[in-house]
Structure formats: C-alpha cells, structure tokens
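The values are calculated or read from the model by the stated rules, or taken from the named source; none is laboratory data. Only a predicted model underlies this, so the values are computations on that prediction, with no experimental measurement involved. Here the Cβ positions follow ideal geometry from the backbone for every residue, glycine too, while neighbour counts run over all protein chains shown. Note: areas computed on protein heavy atoms with side chains; ligands, DNA, RNA excluded. Shrake-Rupley method; radii C 1.70, N 1.55, O 1.52, S 1.80 Å.
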Amino acid sequence: MSDTSLTLYGTYLIVAGLLIIQPWFSRKNVLFGVIFASHSIWDHVQAASIRHRYLLSAGGTALAFFVILLLLPFFLTDGKWSLGFNVVMLALIVIDSFFYILANRQTRKLKQSMGANGQLTTQKIVVDLGKSDRETVLSLKWLFLLIPVFVATLAVVWFGYPYIADSIPTHFGISGPDRWAVKSWHVVLSPVVSELLLGVLILFTRRAPASVKGNPNAAPGYAQYRKMMNILLIVFCLLSEILFFLMVLSFITPIRPLWFSILFVVDLGFLIMMILLHARFVRSKHASGPILDDDGKWIWGIFYFNRYDPSIFVEKRVGIGFTVNMARPIAWIVLIGIIIIAIVFSR
Amino acid sequence: MLLSIDFGSDQPIYMQIRNGIVTGIASGTLKDGDSLPSVRTLGTEIGVNLHTVNKAYQLLQSEGFIEIQRRRGTFIKAGDAAKHAAEFLKNCGGPLKTLVSEAVTRRIDRAVLHQMIDHMYDELEGNKS
C-alpha cells in the first residue's frame with residue numbers, strides 16, 4: 001500500500017469519526033441541535049433510543065463505505081482512485097448528514113411531546129452590562145502577531161521571484177513534495193493569499209457576541225472560552241503561516257521535509273486542544289436560569305437564520321466553533337468571497 | 001449588572017434598556033465612572049438593531065445619566081442627573097397624577113401609597129450602603 005493511500009484511509013477515518021460524534025460536541029442541554037431546559041435530556045429514555053439509532057445508521061454507513069474504499073483499488077486505476085475516494089467521501093457526508101437531520105426531527109417531536117417548560121422562553125433575555133468590551137473582545141494587538149510572518153512570506157515571493165525554480169512544489173507528503181506546478185505569479189502567490197484569508201477570518205470571528213443568548217448562566221464561562229479559542233486560533237494561524245512561509249522559501253532554497261512534518265504534527269495538536277477546551281468549558285457546564293428557545297431560528301439544528309439578530313457570527317449549536325447568521329447578507333458575501341478566492345488559488 | 005429585556009412587553013426595547021440602567025444607578029449596582037458596553041456590543045448581545053441601543057444611550061445622555069465619549073466609550077455619570085431634577089419633577093407630574101388618580105378611584109389609602117414609596121426608597125438606598 002502506498003503512502004498516499006495510507007494518508008487517504010487515515011483522512012477518511014478521522015473525517016468519518018468527527019462527523020459521527022458531531023452531536024456530542026454540543027452543550028449538555030442541546031440534543032441534535034434542539035435546545036432543552038436542562039442537561040437531564042441526555043438521560044431521557046426516548047432521547048437515548050434516538051441516539052442509538054443515529055449511531056447505528058451513521059456508524060454503519062461509515063463502515064460500509066470504508067469497506068468499499070478498501071475494495072476500490074482492485075477495480076480502479078491509480079489515476080481514478082483519488083476521484084473514487086472523493087466521491088465516497090462526499091456520499092458519506094451527504095448520507096450521514098441525512099441521518100443527523102432525521103435525528104434532529106425526531107428530537108423536535110420528542111420536545112413537543114414533553115410539553116412546555118417554564119425555563120424555556122422565547123420572550124425574555126438577560127444580558128450582563130458589567131463586562132466592558134475590553135474584557136469580552138480579544139484585543140486587536142493579538143492580530144499584530146500575524147503580521148511579521150505575512151510580510152516575510154510576501155517579501156520572499158516578491159523579491160525572490162527571479163530566483164525561483166521553473167517547477168514549484170505545490171503539495172507536500174510525508175516524504176517531501178509530491179506534486180509540482182509550472183512557475184507563475186498565480187502559483188507562488190497562493191500561500192500568501194491563504195495567509196491573508198486566515199487573518200481575515202480571525203478578524204471577523206473576533207466580533208462574535210460574548211455570550212450565548214438567553215442569560216449569562218445559559219452558557220456559563222462562555223466569554224472565557226471564546227477568548228481562549230480565539231487565542232488558540234491565532235497561534236494556529238501563526239503556525240500555519242510559518243508552514244506557508246517555509247513552503248515559499250522552499251521554492252528558492254531546499255528545506256528539510258522534517259520541518260514541515262513537525263509543524264503539521266503541532267497543528268494537529270491544536271485540533272486536539274480545541275476539542276479539549278470545548279470539553280472543559282462547554283460540555284461540562286450546566287445551564288441554569290431562563291434559556292432562550294430559538295429552535296425556530298436553526299434550520300435542521302445546523303444553519304442559523306435570524307433576521308432580527310444583528311450578529312454575524314454565533315456559537316455553533318452542534319460542533320466546535322462559530323457559524324454565520326445566514327439572514328445577514330454580509331455573511332453570504334464573506335462566505336462566497338472566501339470560497340471563490342480559495343477555488344481560484346487552489347487551481 | 002444584569003439587564004432584563006422582555007420582547008413580549010408593550011414597552012419599547014429602548015425604554016426597557018433606559019429604565020434598566022436608571023434602576024441600576026439608583027440601586028448602586030452601576031456607579032459613577034462605570035463603563036457601559038458599546039452600542040454595537042450591547043446590540044449583538046441582546047439581538048436588536050444598534051439604532052435601538054443608540055436611542056436608549058442618547059436618551060440617557062440627554063437626561064444626564066451617562067456620558068458618551070467619542071473615543072473612550074460610554075460611562076455612568078450619575079452626578080449630572082441631579083442637575084436635571086427640576087425638569088424631572090415637572091415631567092413626572094403627569095404619569096404620577098395618573099397613578100394617584102387610579103389609587104384614589106380604587107379607594108387606596110394615602111398612607112399605603114406613601115408607605116410603598118418609602119419602602120422602594122429604603123430598598124434602593126439599602127442596596128447602596
């Protein structure tokens with residue numbers, strides 16, 4: 001088995017695993033994107049049976065597709081193998097999302113059957129006036145950390161262009177570069193653009209509200225968690241920037257592949273840190289007091305659509321991190337812009 | 001300080017924000033020099049348009065409860081509120097008269113009403129000390 005296939009199988013297992021356990025990356029009073037008054041919903045008999053059904057169908061699908069992936073190399077030539085992999089991956093995401101949506105609908109029905117709970121309200125909201133902006137929003141100074149490496153990358157590309165070899169490595173495997181492209185401004189600038197995109201994304205998420213709607217106790221410790229996540233994101237960005245910087249530098253002078261591997265492993269470590277932070281600050285906290293019942297604003301418990309909410313970024317209902325308010329045109333413009341730039345420069 | 005907003009209430013949101021802050025100052029939870037969140041932050045926190053928050057802040061400034069400094073932010077400035085006392089007394093005559101009239105029609109004893117006001121006063125001043 002080649003290195004590439006091993007990497008692909010590894011990627012499949014990680015993506016499938018994260019996809020299936022997604023519903024567990026939520027607050028304790030949220031089940032499949034549906035909000036409840038207390039965390040005791042996880043002990044509810046019917047809720048447990050919805051979870052089991054979801055696990056069986058989503059896990060079973062992932063396993064079936066994995067067997068198909070193992071058999072694919074016997075039927076497809078090397079060239080078509082990666083295309084086959086992409087198709088299987090897409091099918092897995094579509095089918096498992098379908099099972100998730102099914103579970104979301106069943107949970108909504110369960111909630112209706114349970115009747116009204118006084119703690120869940122659609123009308124009342126409590127906010128903490130005591131926190132100043134300086135405490136809740138990460139200072140812009142943190143973003144200055146990202147500038148030096150960005151400038152260095154740009155400088156290397158700008159002044160080093162005449163010295164860059166005619167063939168440029170664009171993809172790096174475990175044993176060094178494994179894909180090459182013909183030298184052009186378009187290709188050499190793509191790492192610079194990637195760095196810029198990362199920076200812009202952080203600049204935007206910085207403005208996410210400092211609390212989860214309802215009351216400060218609906219999500220205790222959230223402001224602190226958000227700040228730590230932002231700092232983690234900036235350090236992650238910095239490391240990714242260094243990775244892009246090394247990549248650009250390797251156009252001119254050979255860099256030992258070991259450096260790429262080390263940085264890649266450290267980046268993976270940050271992903272694990274993110275999950276741990278989520279477990280510590282979100283999953284383990286218990287909500288109390290009036291909780292805003294905004295299920296109607298969450299399509300399938302995944303997409304947030306609220307015309308009356310001026311915030312662009314909100315905490316994800318299910319999963320780690322932030323999602324955008326789809327009712328805000330600016331969210332669409334930013335998303336489409338990022339996708340277009342990513343597509344243009346990944347070609 | 002915790003500010004409570006009720007979307008189902010007849011009272012407009014900007015008045016609820018304004019009243020909440022005035023009560024906070026009266027009870028001593030908000031003190032002179034305390035900073036308030038920016039218009040944008042409070043708007044996103046509550047989930048209302050920033051013009052709504054701005055309306056409340058402008059009203060509070062014109063009534064002398066807060067000071068909006070262009071660069072530094074918004075601060076409680078309760079000291080100024082006392083200067084507007086005469087204006088307040090003139091304005092509150094109307095709503096107070098409606099309340100007293102209703103109390104009279106309902107045959108509520110003058111002393112009970114007095115007691116109620118005294119009690120509220122004591123509660124707010126008790127919180128301060």
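Using a 1.4 angstrom probe on protein heavy atoms only, the contact between A and B buries about 1900 square angstrom of accessible area, both sides summed. The HN-Hα couplings worked out from phi for region B:6-20 by the Karplus form 6.51 cos²θ - 1.76 cosθ + 1.60 (θ = phi - 60°) are 10, 6, x, 6, 6, 6, x, 4, 5, 6, 5, 5, 4, 5, x Hz, whole numbers, x standing for Gly and Pro. Only Cα pairs under 8 Å and at least 6 apart count here; give the relative contact order of chain A as a rounded whole percent. Relative contact order comes out at 25 percent. Helix B:110-128 axis versus longest C-alpha principal axis of chain B: approximately 30°, rounded to the nearest ten.
Each Lys or Arg adds one and each Asp or Glu takes one away; over the other residues whose Cβ falls under 11 Å from the Cβ of B:HIS84, this sums to -1. Entry comment: accessible area of the protein assembly as shown is 57 Å² per residue, from protein heavy atoms only and a probe of 1.4 Å.
Over all distinct Cα-Cα pairs of the protein assembly as shown, the Kirkwood formula returns a hydrodynamic radius of 26.6 Å. Remark: mean inter-chain Cβ contacts per residue of A:120-128 equal 6, using a 10 Å Cβ-Cβ cutoff to other protein chain atoms. If you line up the long axis of helix B:85-105 against the longest principal axis of chain B, both from Cα atoms, how many degrees apart are they, to the nearest 10? Around 40 degrees separate the two axes. Across region A:1-150, the relative contact order, built from alpha-carbon pairs under 8 Å that are at least six residues apart, equals 28 percent. Loop-resident trypsin sites (Lys or Arg not before Pro) (DSSP state other than H, G, I, E or B) in region B:43-129 with no more than 12 further Cβ atoms inside 10 Å of their Cβ: B:ARG70, B:ARG71, B:ARG72, B:ARG106, B:ARG107.
Taking the C-alpha atoms only, the angle from helix A:78-114 to the longest principal axis of chain A is near 10 degrees. Which of these, A:ILE333, A:ILE168, A:ILE41, has the largest mean-square fluctuation under a Gaussian network model of chain A (Cα springs below 10 Å)? Ranking A:ILE333, A:ILE168, A:ILE41 by mean-square fluctuation puts A:ILE333 first.
Computed extension length for A:ILE340-A:THR77: 91.6 nm, one decimal, from 0.36 nm per residue of separation with the Cα-Cα distance subtracted. Amide H contacts under 5 Å for A:LYS124: B:PHE7, restricted to partners 5 or more places along the chain or on a different chain, H placed in the peptide plane at 1.01 Å from N. Residue by residue along A:288-294, Cβ atoms of other protein chains within 10 Å of the local Cβ number 1 on average. Extents of region B:13-81, largest first, come to 29, 26, 19 Å (Cα atoms, principal axes, whole angstrom). The tail of the calculated P(r) for region B:83-128, taken as Cα-Cα distances beyond 15 Å, holds 61 percent of the pairs. The helix-based estimate of mean residue ellipticity at 222 nm for chain B, built from -39,500 (n - 2.57) per DSSP H run of four or more residues and divided by its residue count, is -20000 deg cm²/dmol to the nearest 500. Tell me the carbon and sulfur percent of the accessible area for the protein assembly as shown, rounded to whole percent, probe radius 1.4 Å. The value for the protein assembly as shown is 66 percent carbon and sulfur by accessible area. Summing charges over all other residues whose Cβ lies under 12 Å from the Cβ of A:SER57, with Lys and Arg as +1 and Asp and Glu as -1, gives +1. Helical runs assigned H by DSSP (4 residues or longer) give chain A a calculated mean residue ellipticity at 222 nm of -20000 deg cm²/dmol, each run adding -39500 (n - 2.57) before division by the residue total. Scanning residues 5 or more positions from B:LEU36 or on other chains, those with amide H under 5 Å from its amide H are B:THR74, B:PHE75, B:ILE76, with H placed 1.01 Å from N in the peptide plane. Once Rg and the Kirkwood radius are both taken over the C-alpha atoms of region A:1-61, their ratio Rg/Rh works out to 1.16. Counts of other chain beta carbons within 10 angstrom of each beta carbon in peptide B:43-53 average 6. Considering all C-alpha pairs of chain B, those separated by over 26 Å amount to 31%. Listed values for region A:59-72 are Karplus-derived 3J(HN,Hα) couplings in whole Hz (6.51 cos²θ - 1.76 cosθ + 1.60, θ = phi - 60°), namely x, x, 4, 4, 5, 4, 5, 5, 4, 4, 4, 5, 7, 3, and x replaces Gly and Pro. Close amide H partners of A:ILE291, meaning residues 5 or more places away or on another chain with modelled amide H under 5 Å apart, are A:LEU120, A:THR121.
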